[in-house]
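**Q** The following block contains the structure, expressed as structure tokens.
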Amino acid sequence: MAALDALDESIIRLLRLDARMTNARLAAEVGLSQSACLRRLRLLESSGVIRGYTVLLDEPTDSRTTVVIVQVTLERQTDEFLRRFEAAVRRCPEVCQCDLMSGLSDYVLRVETRNASDYERIHTEVLSQLPGVARIQSNFAIRTVVKSRNR
């Protein structure tokens, strides 16, 4: 897809705020006809700019979910090691997010688990078995202060 223009960026910004917005409302907000807006939306989807839609759940304050931020350092930073690790981590349902990083760690993972014992199992049976892992450092989140749905 060609570079995004101001209309594409407006469509994306509005959908980040409300992905369930009707096409009629979206078209009115960006100043397009409904058919032109739908064409642009489908092009954004087919080109991979918009990869999908999701549901964000509001967790109760007494939630029993424990968030663990895991820093992973690989044995080597070659393309082969990175590809193997990334392919394997994509198959781990316990990992909610994985980011390639600059700095001391190669990757930062977000793992959501029931408790410390459950995380110990994930650490032993899943994370430490990922290919090329040299070091794992885990930090338990105390509580989430900001969780944005707009990015």
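The values are calculated or read from the model by the stated rules, or taken from the named source; none is laboratory data. Worth saying up front: this structure is predicted, and the values here are computed from it rather than measured. Positions of Cβ are backbone-derived with ideal geometry, glycine not excepted, and every protein chain shown enters the neighbour counts.
**Q** Name the residues in the stretch 117-139 that are surrounded by fewer than 12 Cβ atoms within 10 Å (Cβ to Cβ) and in contact (Cβ under 8 Å) with a residue 24 or more places away in the chain, would you?
**A** 134, 139, listed by residue number.
**Q** Let me ask something else about it. So, of the residues in the stretch 6-41 that are within 28 Å of residue 147 (Cα to Cα) and of a type in the set (D, E, K, R), which turns out to be surrounded by the fewest Cβ atoms within 10 Å (Cβ to Cβ)?
**A** Looking at residues that are within 28 Å of residue 147 (Cα to Cα) and of a type in the set (D, E, K, R), I get 20.
**Q** Turning to a different aspect of this structure: I'd like to know if the stretch 27-34 contains one or more residues that are outside any helix (DSSP H, G or I), closer than 20 Å to residue 119 by Cα and among the aliphatic types (A, V, I, L, M).
**A** To start, the set of residues in the stretch 27-34 that are outside any helix (DSSP H, G or I) comprises 31-33.
Those left that are additionally closer than 20 Å to residue 119 by Cα: none.
No, the stretch 27-34 has no match at all.
**Q** On to the next question. With the condition kept exactly as written, say whether any residue in the stretch 81-97 is within 30 Å of residue 135 (Cβ to Cβ), more than 21 Å from the chain's Cα centre (by Cα) and assigned by TED's automatic domain parsing to the domain that holds residue 128. Reasoning before the result, please.
**A** Going residue by residue through the stretch 81-97, those that are within 30 Å of residue 135 (Cβ to Cβ) are 81-97.
With more than 21 Å from the chain's Cα centre (by Cα) added as a condition, the list becomes 81.
If we keep only those that are assigned by TED's automatic domain parsing to the domain that holds residue 128 as well, we get 81.
Yes - at least one qualifying residue is present in the stretch 81-97.
**Q** Quick one: is residue 35 free of Cβ contacts under 8 Å to residues at least 24 places away in the same chain and closer than 30 Å to residue 18 by Cβ?
**A** Values: free of Cβ contacts under 8 Å to residues at least 24 places away in the same chain: yes; closer than 30 Å to residue 18 by Cβ: yes.
It is true that residue 35 is free of Cβ contacts under 8 Å to residues at least 24 places away in the same chain and closer than 30 Å to residue 18 by Cβ.
**Q** Evaluate the following for residue 108: is it touching a Cys at 6+ places or on another chain (Cβ under 8 Å), touching a residue at least 12 places away in the same chain (Cβ under 8 Å) and farther than 15 Å from residue 65 by Cβ?
**A** On the way: touching a Cys at 6+ places or on another chain (Cβ under 8 Å): yes; touching a residue at least 12 places away in the same chain (Cβ under 8 Å): yes; farther than 15 Å from residue 65 by Cβ: yes.
When the stated conditions are applied, residue 108 passes them.
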